[in-house]
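Here the structure is laid out as structure tokens; the discussion comes afterwards.
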Amino acid sequence: MSRSPSFTARTESNAYVDPESVQKWIVAFCIIRFDLEQGQLIEECYPPGCLTPEEELDIAFSSFPDSVSQHHNRSSIHDSMFFFRTQRRGNLPGEKTHKKPNESRSKYLYGFVFNRQRHDERLKRGGEQKSVVILSRSPYSSLFKPLLQIMGPLYFDVGRKAIDYIAGSMSTWSSPLPGQLMELPIGNATLKVNLPPVHSLSFDGEVAFEESASSMAPLLPTNQSIPHGLFHDSDVFGIFRGLLLQLWLLWELLLIGEPILIIAPTPPQCCEAVASLISLAAPLFISVDFRPYFTIHDPYFARLNSLQEGETFPPILLGVTNLFFLKSLRNVPHIVSVGSPAPNSGRVGFSSRASTGRLSGRPEGFNFPNLKKFSPSNLLSAVKLRRDGPLCLMTEHKEAIWSSYMPITKPDTSILNRLVDAGLSPRVEESMSVVNNEILRRHFLELTTNFLAPFGPYFRVTTPSVGSSPFLDPPPLTAFDGDEFLASLSTRGPGKFLSKRMRSNWLDLYRRFMKGHNFKPWFQRKRAVAEQEQHRLWRQARMHADIREFISRSSELEIVEKFHAIERHLLFEMQACILSYLCLQSEKLVDNSEATWHKLKGDLQVVFNVLPKDMQHLLLMNPERATLLQ
């Protein structure tokens, strides 16, 4: 485990805790103890009463390593960090049935765990274990990992005071700013974290203001310090080092929404693998359900385990450590084995050469220039591994992939040849991993962005042309037809970047993507963002438009049409302003709505004044309209 940041808690002062500020970041802090007689027990939960009994059970079971994956060494203390994702269940006692518009219960909870196993011969079974858990609605791994490195050891030093102190520091934080660098003070330290962009977070149909405002950014980002998707802090190179040649296969499987089972010796390793794989799909919004650390106690396991032979496995990305899943989930079409068993663990260590059901992902010695050279022994080993199937992991752990899927994307060996071999020095290896991760993540960002680029015209917004009236409704976005899109794309080709990296059947990948689980939510979200951006631009044009200039060159019929158009926009702005107040949105948004409201009301009055008296009389017969013109 990496070293904790330098931190000193000023325990002599009682930190003020603002529950509302804290809950902008987290759902709860939990302390969970493994009791030999009663099982997992939640000892502390702040704030109390924020979880249902069903959720408490799910969280407790997910906060400890499976017994199969625990270390069996005799060290006095072993700390580990991992995270899980679980579906919310049940109803809170006395939960309000009528909520404010901005109060919605998230579908999933993310649990970030600091687990301590302590060996002590004086205790029953020779030891004990306890977990400190941060629960959040958002997968802010870049924040909660370093925060746990502070909070976990601090809790085991000072107990409950650690929760109060961390909550007190969190009370001083501003609201989360997705996609931005934030400096968050905690004790005598400051956490500098880049939160994932808003387009990678869960989507409930409402486009966030930040997402709409950034929708006109260039398609391929150039600033690598800014995250472009979830889990940008994950160690892709470290966890997939033995399967680097297979990353393009895994990227393709995730892209089209295929179910994948990732098995590793420990929870930190399976979590890292799931997070790393998801990070490679940026900037695509991933809709496939993913569970970084999944156990047999998860309620969803019963459904997966009940699937009959031949039934289609649902689109999901599972990270597991328990080898029992290899027998119970035999319908999973793609199985990935990663990671390294701990020294003195119950599992046999890796062979020196990584293997897959296809061909070796990395030749012995980490010699990237020789990626295409396979010895007869390597080939025979790969054939034997494919024949034996994933159940061979029951006796010996190996880094491997079992899949019958034939990838369309070709591995880019030029990228692999740029990776740096750090040798045997752990310190140098850690720094080189940062460099290698940047190379890999940049490549897959470019690959995904170029793959999604042909859909760009369907998100293209239109602004009012010079001299045209911004009071008219903007034209709709280009309609999408899947067959027409594929036919047009077949004629144009995939583009220079993809044509070098994909086989001749590249159009099949677009077909599979459009039929997969990720396409529709991503496409609908991008359309919603584009529509909101177009609305913003036309609204801005109305704010700067001189209505008298438009009237001076309009006929009486056109003036009447403008009146009705402005009236319609005014009513919309009034409703938006009222909704902003109800949802307690930022003062800036409320002020913008009010300013637009007053501008349109003034424009409506100007247009009304130039209309003939008989037309004015006719319009005023509508009481609501008469109120608007007062």
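The values are calculated or read from the model by the stated rules, or taken from the named source; none is laboratory data. This one's a predicted model, so the numbers in the text were calculated from it and none came from an experiment. Here Cβ is always computed from backbone atoms with ideal geometry, including for glycine, and neighbour counts include all displayed protein chains. Ligands, DNA and RNA are excluded from the accessible area calculation, which covers all protein heavy atoms including side chains. Shrake-Rupley method; radii C 1.70, N 1.55, O 1.52, S 1.80 Å.
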Inset, instruction - Per residue of region 468-474, in order, report the coupling 6.51 cos²θ - 1.76 cosθ + 1.60 (Karplus, θ = phi - 60°) as ³J(HN,Hα) in whole Hz, putting x for Gly and Pro. - result: 8, 7, x, 7, 6, 6, x
Inset, instruction - Excluding LEU318 itself, calculate the net charge of residues whose Cβ lies under 15 Å from the Cβ of LEU318, where each Lys or Arg counts +1 and each Asp or Glu counts -1. - result: 0
Legend entry - Protein-only accessible surface order, largest first, of TRP506, TRP538 at 1.4 Å: TRP506, TRP538
Inset, instruction - Lys and Arg at +1, Asp and Glu at -1: add these up for the other residues within a Cβ distance under 14 Å of PHE497 and post the number. - result: +4
Inset, instruction - Anything over 30 Å Cα to Cα? Flag those among LYS410/LYS520; LYS192/LYS599; LYS496/LYS526, in the order listed. - result: LYS192/LYS599
Legend entry - Segments 254-266, 476-488, 183-195, 562-574 sorted - mean Cβ within 10 Å per residue, highest first: 254-266, 562-574, 183-195, 476-488
Inset, instruction - Under 14 Å from the Cβ of MET170, count the other residues' Cβ atoms, weight Lys and Arg +1, Asp and Glu -1, and hand me the total. - result: -3
